[in-house]
Amino acid sequence: QVQRVESGGGLVQAGGSLSPPCAASGRPFSRYVMGWFPQASGKEREFVAAISWGGSTPNYADYVKGRFTISRDNSKNTVFLQMNSLKLEDAAVYYCAADPLFRNYAGDYEFWGQGTQVTVSS
């Protein structure tokens, strides 16, 4: 069973940066596509970024292109989400997830972390 734990969230001012990592244990990390999904209060969990098994192919939601960068280090079983130029509307609980296939829809992902809170202040 794959287990995932996020860390690295926190409070940042609008325009600032955060980079929450997601560490995984369990089955070979490199066999899974990794994704990040924010869920704001009262809203559905949505796709923001995913990265392929080896890390060569990232995919982003249009509204974060140029601001967010997803990366992974398979030797450390970790995926990162570098978030720059944060906006008030980026505030959410950010979940990382894993799935054997490359998907953009939260409902398709098999394994989930516990989530990390990202708060953006004005």
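The values are calculated or read from the model by the stated rules, or taken from the named source; none is laboratory data. Everything numeric here is computed off the predicted structure, so don't read it as measured data. Heads up, the Cβs are rebuilt from the backbone with ideal geometry, glycines too, and the neighbour counts pull from every protein chain shown. The accessibility values were calculated without ligands, DNA or RNA, using every heavy atom of the protein model including side chains. Shrake-Rupley method; radii C 1.70, N 1.55, O 1.52, S 1.80 Å.
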- Item | Surface accessible to a 1.4 Å probe, per residue, for the residues of the chain, Å² | 50
- Message: Give me the percent of accessible area attributable to carbon and sulfur for the chain, probe 1.4 angstrom.
- Response: 47
- Message: Taking the Cα centre as origin and putting +1 on Lys and Arg beta-carbons and -1 on Asp and Glu beta-carbons, what dipole magnitude results for the chain, to the nearest 20 debye?
- Response: 240
- Note on the structure: Everything considered on the Cα gyration tensor (a ≥ b ≥ c; rounded for a/c under 1.5, else prolate if a/b is larger than b/c, else oblate), the stretch 1-109 must be described as prolate
- Note on the structure: For the chain, averaging the sequence separation of alpha carbon pairs under 8 Å that lie six or more residues apart and dividing by its residue count, the contact order in percent is 36
